[in-house]
Amino acid sequence: MPAGATAGASTPVDASGTFTSWPVQIWCSHPGVHWKCLEKAGSFEVSVNAGVRDQVAWVRLYNEAGATPAKPFYVSPRATKTEKEPNDRILEVTETLHDNEVTYGLLEKNGDVDHYRLALRAGEPFSATLDATRSLRSPLDAHLQLLDERGFVLTENLDRYGYDPGIAFQPKKDGTYYLRVFGFPVEPDSTISFRGGADWCYRLQWQRSQLPFDAFNAEGILLPSVAPEGPSPTSKDSAATVSLPLDTQRAILHNKETHFYRIQNLGGKSLEIQLLAQSIGSYLDATLTITNKEGKQVSFQDDDKTNRDPKLVWQVPDNEEYWVSVSDFHKLGSEDRVYRLQIRERLTSLLATAPAELKESKANEEFEWSIALERINNWTGDVEVLGVGLPADAVLTNTQFAVTKDGPKAHAVKVKLPTPWQGPFALQLKLAGIETPVTVAGPTQAGVWISNVVTK
């Protein structure tokens with residue numbers, strides 16, 4: 001704690017757990033985030049370069065015995081502070097939170113409840129967001145409430161941003177108010193009670209404005225809202241032709257409203273069409289529809305598996321005119337039914353992922369690293385696996401294979417390191433006929449790591 005720090009400043013951070021040796025070495029995915037061990041075991045000083053934008057950095061501790069799994073650490077230009085205990089009851093709270101200030105908290109044990117004091121003004125908009133699962137990968141399914149000075153609940157929310165809550169309110173009078181945080185496990189079990197633990201962390205922020213509609217990209221960087229250009233495309237006549245890549249943000253303002261985007265002269269291209277709504281805090285129950293120039297439906301997507309935000313992959317059959325349309329499943333419209341539409345081309349290639357992000361082994365002991373494979377645009381051909389960032393004496397075998405229309409859907413490369421070594425590395429796939437190698441993605445943005453240590 002805390003699970004984040006401010007750009008342009010140094011922040012003391014304490015890690016939970018037991019350290020059998022100290023100091024340890026620290027690896028961080030962001031070059032502008034610097035960790036230093038302090039004298040006390042488990043205590044660090046984290047310095048973040050000025051100008052670093054809102055994003056997740058990944059941190060891993062290691063020593064001669066091995067490495068920890070990578071953990072997310074949030075960096076932001078906003079001022080930060082850490083929760084002060086005791087705060088289980090509103091009478092115990094001693095500090096008032098300021099707007100646009102980020103507070104890092106922890107529900108450290110079962111039954112834990114956190115309270116924070118605010119000073120709000122009559123008639124001014126108020127909103128608060130809590131981030132636990134989106135960027136911090138916390139097991140916390142948080143509940144956020146706004147209380148008056150007597151402790152009565154004025155508004156509350158459980159899942160405005162997926163599992164993370166957000167609330168908005170306009171007070172009728174000046175005064176003291178409180179935010180209350182408690183939670184349940186993301187993975188439910190048979191226990192019916194408030195829960196907590198050493199990794200049940202969260203970041204809390206409030207502002208004198210409406211709720212933000214923010215999204216994180218694949219690299220864990222917070223994407224600010226995109227200002228729309230021109231009037232909403234509520235008819236085919238008002239729609240512009242899509243230029244790739246497209247990233248636009250708008251709102252379905254009126255009941256039965258539909259927005260249209262023209263696809264033309266993109267024959268043969270494979271498009272990934274993603275619609276962000278619930279994940280950015282919108283009330284839009286979004287649907288994606290593709291129709292041809294005769295109005296016949298070509299493709300439709302409502303929910304993407306367990307996610308209410310639709311996503312589809314579509315092979316454009318020809319250069320004729322097609323329409324991508326966005327609407328609300330319930331035909332409702334309002335200012336908070338916002339969506340972000342992203343359309344990009346999927347180039348012919350292989351999608352490669354590694355289920356494991358950390359592999360521990362003994363020196364000179366061969367082990368396998370499994371790679372899951374998915375063909376993009378029906379690619380077939382020969383593949384060679386390359387190891388990038390490994391020591392010079394590393395030996396990789398089973399590095400060549402062929403992909404056909406029948407598979408394989410996975411491949412295991414064998415790795416042997418004759419001498420002790422640990423660190424981050426990358427597996428890359430060199431595909432026949434494609435110039436740029438494909439980097440195998442890990443389960444997080446931290447990539448993959450080997451701890452090849454001597455066993456005493």
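Every number here is computed from the coordinates shown, using simple stated rules; none is lab data. Computed from a predicted structure; not experimentally measured. Glycine also receives a Cβ, built like all others from the backbone with ideal geometry; neighbour counts cover every protein chain displayed.
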Expressed in angstrom, Rg and Dmax over the Cα atoms of segment 326-400 are 21.3, 63
Pop out the ³J(HN,Hα) list for segment 90-96 in order, Karplus 6.51 cos²θ - 1.76 cosθ + 1.60 with θ = phi - 60°, rounded to Hz; leave Gly and Pro as x. 5, 6, 8, 6, 10, 10, 9
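Once you order the gyration tensor axes a ≥ b ≥ c over the Cα atoms, which shape class does segment 236-346 get: rounded for a/c under 1.5, otherwise prolate or oblate by comparing a/b with b/c?
Prolate, because a/c is 1.5 or more and a/b exceeds b/c.
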Which of rounded, prolate or oblate describes segment 1-69 when judged by the alpha-carbon gyration tensor and an a/c cut-off of 1.5? prolate
Could you tell me which residue out of Ser76, Ile26, Val13 lies farthest along the dipole of segment 4-76 toward its positive end? Charges go on the beta carbon: Lys and Arg +1, Asp and Glu -1, centred on the Cα centre. Ser76
For segment 250-258, Karplus-derived ³J(HN,Hα) couplings (6.51, -1.76, 1.60; θ = phi - 60°; whole Hz; x for glycine and proline) come out as 8, 10, 7, 8, 10, 4, 6, 7, 10
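Give the order of Tyr283, Tyr116, Tyr163 when sorted by the count of other beta carbons within 10 angstrom, beginning with the fewest.
Numbers: Tyr283 16, Tyr116 22, Tyr163 19.
Fewest-to-most Cβ neighbours within 10 Å comes out as Tyr283, Tyr163, Tyr116.
What shape does segment 349-453 have by the C-alpha gyration tensor, where a ≥ b ≥ c are the square roots of the eigenvalues, rounded means a/c under 1.5, and otherwise prolate means a/b greater than b/c and oblate the rest? The partial results should precede the final answer.
Working: a/c = 2.10, a/b = 1.83, b/c = 1.15.
Verdict is prolate for segment 349-453.
Please give the length that would be gained between Asp88 and Leu158 if that part of the chain were fully extended, namely 0.36 nm times their separation in residues minus their C-alpha to C-alpha distance (nm, one decimal). Display every interim value, and only then the final one.
Numbers: separation 70, 0.36 × 70 = 25.20 nm, distance 1.91 nm.
Full extension of this stretch gives 23.3 nm more.
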When the Karplus curve 6.51 cos²θ - 1.76 cosθ + 1.60 is applied with θ = phi - 60°, which whole-Hz ³J(HN,Hα) does each residue of segment 428-435 get, with x for Gly and Pro? 10, 10, 8, 9, 4, x, 10, 5
Extended-chain gain in nm, criterion 0.36 nm per residue less alpha-carbon gap, His98 and Ser243: 48.0 nm
If you work out percent of Cα pairs over 37 Å apart from the coordinates, which of (i) 22; (ii) 27; (iii) 38 do you get? (iii)
Give me the extension gain from Asp148 to Tyr283: residue separation times 0.36 nm, minus the current Cα-Cα distance, reported in nm with one decimal. 46.0 nm
